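The values are calculated or read from the model by the stated rules, or taken from the named source; none is laboratory data. Treat the numbers as computed from the prediction; the structure is a model and nothing was measured. Cβ placement follows ideal geometry from the backbone for every residue including glycine, while neighbour counts extend to all protein chains displayed.
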Amino acid sequence: MIPYLNLKAQHDPLRSEIEAGIARVFDSSQFVLGEEVEAFEQEFADHVGVRYGVALNSGTSALHLALLAAGIGPGDEVITVPFTFVATVAAICYVGARPVFVDIDPRSYTIAVDQIARAMTPRTRAIIPVHLYGQPADMDPLLELAARHRLRVIEDAAQAHAASYKGRAVGSLGDLACFSFYPGKNLGACGEGGIVVTDDRALAATIRELRDWGQDRKYHHIRRGFNYRMDGIQGAILRVKLRRLDAWTTARQARAAQYDRLLAGSDLVTPATMPYARHAYHVYAVRSSDRDALQRSMKAQGVQTAIHYPIPVHLQPAYADLGFGAGDFPHTERAAREVLSLPIYPELSLTSVEFVASALRQDVHAV
Ligand SMILES: *Cc1c(COP(=O)(O)O)cnc(C)c1O
């Protein structure tokens, strides 16, 4: 049996270092924020190559506070894609703004930048490109458009730790960038976590206040804030894991390259790495016109797969009132029907990659 994800294999070799980090938190009793979280914020910001990091309790909170700090609110429109995890869209709704969707480019699975202008109105205030699967969106034309129209750019980098665009790190491209440390992400906490990074000191300060009840000092609430603070234990664990992120990303890329080789010439469409991208391969998704049968066959052969995502956000019942419907975003809808995510993680052995690939080819030949 090859699982889709194996966090135990990731943590076992780090166990003593992680336990030492947790012990430091117990010794200091700094269970919420504290020194470990502050150190992690700086180390993560340094890794991205930006000045400020504000650690939070989830990637969703990061998107929420990034939007609030950027001044987005009721009456505003925010452009993003319907082919994303629901959190991207939920956060826009949290601040009372309206999500406006633009279809994806079917090769990169990221926002079709040439369609953004058509979606803009006088109310448009921001764009949230999603670096889906770990591949950056085509940021240069997007940033140029945003600058021309004075729009904020908030990167949803929840799947794209250590990815880069034309040599510039993901997270350093927009006004603000949001990462998630949900356990299964490329850098995962042992619980929930997230961070906003930015080079803008004022935005960072605002987010720092908003995550901690809007206080500028204890019991002085200058904004209506939230309880979105990161746990000390997660900060300590993430510091240990951040030191492995680059090696892990290289290992993911090696597995992706091996899948590419082994699946070349099959009927499956393998993922495209765009020429501008250093892809972090959070997800390695193949496409098949008979995806559901393929997934069943893989399961029967002992390979667990996943679908990211089976229902685009504009077709989710919870977002029906946004006014979009079936047929509005054909590339998104087709991808949602055809993509199948294969196991890909640093601990996945190369033999397992071979096993998965041969299971796929077996099925493809059988159809
Ligand atoms: C995981 C994810 C989020 C949300 O992060 P959480 O930490 O789970 O709240 C947002 N956007 C995308 C694209 C994600 O994959």
*asked:* For the condition surrounded by fewer than 22 Cβ atoms within 10 Å (Cβ to Cβ) and at pLDDT below 95, what is the one hit in 288, 266?
replied: 266
*Residues satisfying the stated conditions in region 31-48, i.e. among the aromatic types (Phe, Trp, Tyr) and surrounded by fewer than 24 Cβ atoms within 10 Å (Cβ to Cβ)*: 31
_Test: residue in region 307-323 that is away from the ligand (no atom under 16 Å from the Cβ) and under 18 Å from residue 352 (Cβ atoms)_ = no
*Residue check, residue 51 of a type outside the set (A, V, I, L, M, F, W, C) and either over 29 Å from residue 327 (Cβ atoms) or buried (at least 24 other Cβ atoms within 10 Å of the Cβ) (or both)*: yes
*Within region 261-285, how many residues are hydrophobic (A, V, I, L, M, F, W, C), outside any loop (DSSP other than H, G, I, E, B) and farther than 27 Å from residue 141 by Cα?*
2
_Scan of region 134-148 for residues that are touching a strand residue (DSSP E or B) at 6+ places or on another chain (Cβ under 7 Å) and assigned to a loop (DSSP other than H, G, I, E, B), ordered by number_ = 135, 136, 137
*Give region 201-245 a look and list any residue that's among the small types (Gly, Ala, Ser) and within 16 Å of the ligand (Cβ to nearest atom), or say none.*
235
_So, in region 8-61, exactly how many residues are assigned to a loop (DSSP other than H, G, I, E, B), under 19 Å from the mean Cα position of the chain (by Cα) and of a type outside the set (Ser, Thr, Tyr)?_
3
*Please specify each residue of region 3-30 satisfying the condition of being aromatic (Phe, Trp, Tyr) and either free of Cβ contacts under 8 Å to residues at least 40 places away in the same chain or surrounded by 16 or more Cβ atoms within 10 Å (Cβ to Cβ) (or both).*
26
*region 264-305, residues that are touching a strand residue (DSSP E or B) at 6+ places or on another chain (Cβ under 7 Å) and within 22 Å of residue 250 (Cα to Cα)*: 270, 271, 276, 277, 278, 283, 284, 285, 286, 305
*Looking only at region 156-168, count how many residues are in a strand (DSSP E or B), touching a His at 6+ places or on another chain (Cβ under 8 Å) and farther than 15 Å from residue 80 by Cβ.*
0
*Count of residues meeting criterion [surrounded by fewer than 22 Cβ atoms within 10 Å (Cβ to Cβ), near the ligand (Cβ under 10 Å from one of its atoms) and either under 11 Å from the mean Cα position of the chain (by Cα) or of a type in the set (Ser, Thr, Tyr) (or both)] in region 157-187*: 3
*Long-range neighbours under 9 Å by Cβ, at least six apart or interchain, first residue closer than 24 Å to residue 40 by Cβ and in contact (Cβ under 8 Å) with a residue 40 or more places away in the chain within region 211-230, second part of a loop (DSSP other than H, G, I, E, B) and charged (D, E, K, R)*: 230/192
*How do the pairs read when you match residues in region 45-71 that are hydroxyl-bearing (Ser, Thr, Tyr) with residues anywhere that are part of a helix (DSSP H, G or I) and within 11 Å of the ligand (Cβ to nearest atom), using Cβ under 8 Å and keeping only pairs 6 or more apart or on different chains?*
60/87; 60/90; 60/91
*When you go through (1) crowded, with 24+ Cβ neighbours inside 10 Å; (2) within 15 Å of the ligand (Cβ to nearest atom); (3) closer than 15 Å to residue 44 by Cα one by one for residue 198, which number turns out not to apply?*
(2)
